[in-house]
Every structure is written in C-alpha cells, then in structure tokens.
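Engineer: Please read through the structure below; I'll follow up with questions.
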Amino acid sequence: MSRSAADRSRRLRWWPTALFTVINMVGPTIFGSLLIDRDAQQRQERMDAELHRVTSSAVRLIQYGQVLDTRFLAQDPINNQCPQFAVLSGESERFSDYFSASPCVEVDPARLTGLVTEGIRRGSLLYTYVRGTGGELLRVGVEPFRNDNGQYIGAIVAVSDATGEQTAHDRLVLLVLGGGVLLVVAGAVVGHLLVGLVTRPVVTALEQQEVLLADTAHDLRTPVAALRALAEAARDNPARRDELMSRAVALAGRMGTIIDDLLARARLAAGVEQLAIEPVWLDQLVTTVVREASVGEARVTVTAAATKVNADPGLVQRAVANLLDNALRHGRRPGAAAIVHVTVAGGRVMVADQGPGIDPSLARENFERFSSNGGSSGLGLSIVRWVAQAHGGTLRVYNAEEGGAIFELVLPAADS
C-alpha cells in the first residue's frame, strides 16, 4: 500500500526522535555511572576509615615480648565496641589469638586466618569483602604488626557489617536508574514534540499540495474531456464549427477561471499572497460582482444595506464571485433556471439558491471540499474559505427551511 508524502513525513519524525533520545541518554548515563561509582567509593572509604581506627588503635595497645600482652587492649573502650576485631598470629610465630569482647557479626575464623596470611605476605594494610556465616556482607580490614626483630608475626583483623551501606548504595542505584529512565523518556517525549513542531509546516505544506493536486485533477478532468469532445466534434462537423468553437472558447475560459482559483489558493496556502487590507463598502462590491457576472437565463436578485468591512477587495471579489458561480451552477433544480438571492448586511454576504441543498455531513468538513446533490463545487468554495480565514472571518453553509442552500460569508466590520 503506497503512502502519501505527508504520511511518510510523519513517519520520518520517529528517526530524529530516536536520535535525540540516544543523544539524550549519553549525559544521564555518564553522570549516573560517575555518581554510583563515587557513592560506592565514599561508602567504602568511610568503612575503611572506621576499620583503620580500630586496627591502628589495637596495634598501639598490644605489647609483644616472649608472649602477646593484651592487658591494655582489654581495658580500652574499643574492646567492647563495634567494629569487632581479633589479634591473630601468622605462620612464622604462634601465640594465643585474642578476640574483642563484642561479637558484632559472626564470621568464620578460618576465613580471617587466610586474610592474616595475605596481609603478612603483603606487609601492608588490606581491605576486602567477605561473607559472614549468615551470608551477610562484611568489610574486613587487616593490619599486620611486627615483633621486636621487625618480623611480621601477626595482624589485627577488624570486621564491620557492610549490609547497611550496601543497602543504601543499592537504593541510590535504583534511584539513579529510575531517574535516568524518567529523564530519557521525558526527553524522548519532548524531542518527539519538538520534531513534530519543526516538521509540522512541512507536513502541512505536503498535505495542502496533495489536496491541491486532487482538487486540480478533479476539477480539470471534466472540462478537459468536454473541450476534447468539442474539438473533435468541430473537426468532424464543419457546418457547426462556429457554434462548437464558441462553446470551446467559453469552456476554455471556465478552465482559466479554475486555474486562477488554483493559483490563488496555492499562494494563500503558501503565505505568498499578501493581503491589502483597506476599508471596503461590501454592498457596492457585491452589487458590482453580480452586475458583471454572466448569469444567462438565471434570475439573480440582490438586497443590500450599506456595510463597510476591512478586507482585501480583490480577494473578497473573487470569493463573492465564487459563491455566486457555485449557486448558478449547482443551486437549481433539474430542468429549471437557477434562482439566486444575494443579501448583504452587517459585514455578511449570504447567497441563497433554490437547488437541492447541501449534504449536512459534507457541510461539517470545514469546506475542504464541497459537493451538492448536483455535483462537486471544486476549488471555488475552498477559495472562499481561505479568503474568510485570511481575513479572520468565517464561512458557513446550511439549508433553508423552504429548500436550497445558503452560504454565509462573514468579514470583520470596519470602524465607522
């Protein structure tokens, strides 16, 4: 199924939206990653600082001669506080291990012994994560110490519960991820709306072009076919050539009017046509249009009261002429001459006919296209609508109670 240019333009707006969304994701992703990493680092540094406070205090309080002396350590407040700690021997020299009095968390001693060995091997502070016997996350700090000969013989191992810090960090991660998703979605929506605003004039122009082409094809198809038929008839009937050529000239004039209307509508839609607004006596303008119109056998009457409007006289004249032409062509019953009455008063021009009337469903289509029971009204009424809108006025259509259609053009009145 082929799509119109306007439909393709609407679909194209998704590509800039996707690109805008991807670009919009870069900033929040980088910022969120940095924020998460920085938070994890700060929490780890805070736990390590607390562990180091315990291990460094314990190293200062223990004495090691022939045996490990922990009397001062047992009397210090850190012995009864969290984080808990232990003084554990290494592999080179054995002594009785010491554990602080406050069991804040449960941890496997064998796991701590392995960390002591690693800390002594490195000869420096060691911080790592382990799991407690209940599966909770623990942060461990290991600070090795030496004997009087400068040999590492053991280490102070401090253990703290990292569950609270990890839970808080996880909440921050969820918050950052949720905020990032909301920000990206909001950016995508805003981007889609902005792209829509930018592409709307293009889509509107394409839609107007498609309507214009459809109207042109519709309104020129019949007169072109008729013109061809007249030309062929004139070729085959020399005796009637003058008559047929006269009809062909009249038809060509009708086609010229259609093309003029087409160009006027295109210029109005593109904003090329500039309105030359000035005070205009609407009653005089309408009377002139009716007097100059070729009405043939139709009967046209005018009832006019003095009324002045602010309008472009050229465009209003074209609009009134189109209303009158529409009434003369379609506002009649089969086999009868058209009867049209034009009323001008209060900035309004009402053109009433005695034809079959307007289909109410078509009257609600904002005058994009018109058709009466007698056929299409083509570009003419579309031009009238454009003229009305360009002046800040309106165009309405409704059926009279006694039959026939009434078209009402309203223009802004001029100050007296």
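The values are calculated or read from the model by the stated rules, or taken from the named source; none is laboratory data. From a predicted model like this one, the values you see are computed outputs, not experimental measurements. Neighbour counts are summed over all protein chains in view; Cβ atoms, including those assigned to glycine, are modelled from backbone coordinates with ideal geometry. SASA here: full protein model, heavy atoms, side chains in, ligands and nucleic acids out. Shrake-Rupley method; radii C 1.70, N 1.55, O 1.52, S 1.80 Å.
Engineer: Calculate the FRET efficiency for Arg171 and Arg121 from the Cβ-Cβ distance with a Förster distance of 45 Å, rounded to the nearest 0.05.
Structural biologist: Using R0 = 45 Å, I get an efficiency of 0.75.
Engineer: Excluding Val290 itself, what net charge comes from residues whose Cβ is under 13 Å from its Cβ, given Lys and Arg +1 and Asp and Glu -1?
Structural biologist: Around Val290, the charge tally is -1.
Engineer: Here's another thing I want to ask about it. Taking a virtual spin label 7 Å from the Cα of Ala345 along the C-beta vector, which residues in region 291-315 bring their backbone nitrogen under 18 Å of it?
Structural biologist: Zone members listed by number: 301-309.
Engineer: For Val349, Val249, give me the order by solvent-accessible area with a 1.4 Å probe, most accessible first, ignoring ligands, DNA and RNA.
Structural biologist: Listed by decreasing accessible area, they come as Val249, Val349.
Engineer: Express the relative contact order of region 268-348 as a whole percentage, based on alpha carbon pairs under 8 Å and six or more residues apart in sequence.
Structural biologist: 40
Engineer: Using the basic label-point model (7 angstrom from Cα toward the beta carbon), what is the Gln284 to Asn399 distance in nanometres?
Structural biologist: Reported label-point gap for Gln284 and Asn399 is 4.0 nm.
Engineer: Under the 0.36 nm per residue contour assumption, what length would be gained going from the current alpha-carbon distance of Ala337 and Arg240 to full extension?
Structural biologist: Between Ala337 and Arg240, full extension yields an extra 32.3 nm.
Engineer: Quick one: length gained pulling Leu19 to Leu263 fully straight, 0.36 nm per residue minus the C-alpha distance?
Structural biologist: Contour length minus the Cα-Cα distance gives 84.0 nm.
Engineer: Just to be sure I understand the model, the point goes 7 Å from the Cα along the line to the Cβ. What's the resulting Arg60 to Ala225 distance in nm?
Structural biologist: Label at Arg60, label at Ala225, 10.7 nm between them.
Engineer: Could I ask something else about it? Quick one: Karplus J couplings for region 32-49, per residue in order, coefficients 6.51, -1.76, 1.60, θ = phi - 60°, nearest Hz, x for Gly and Pro?
Structural biologist: Once θ is set to phi - 60°, the couplings for region 32-49 become x, 5, 5, 5, 5, 4, 5, 5, 4, 5, 5, 5, 5, 5, 5, 5, 5, 5 Hz.
Engineer: Can you compute the FRET efficiency between Ala214 and Glu136 using 1/(1 + (r/R0)^6), with r the Cβ-Cβ distance and R0 = 51 Å? Round to the nearest 0.05.
Structural biologist: Working from the Cβ atoms, E equals 0.10.
Engineer: Given the protein chains as shown and a 1.4 Å probe, how many square angstrom of Glu45 are accessible, to the nearest 10?
Structural biologist: 90
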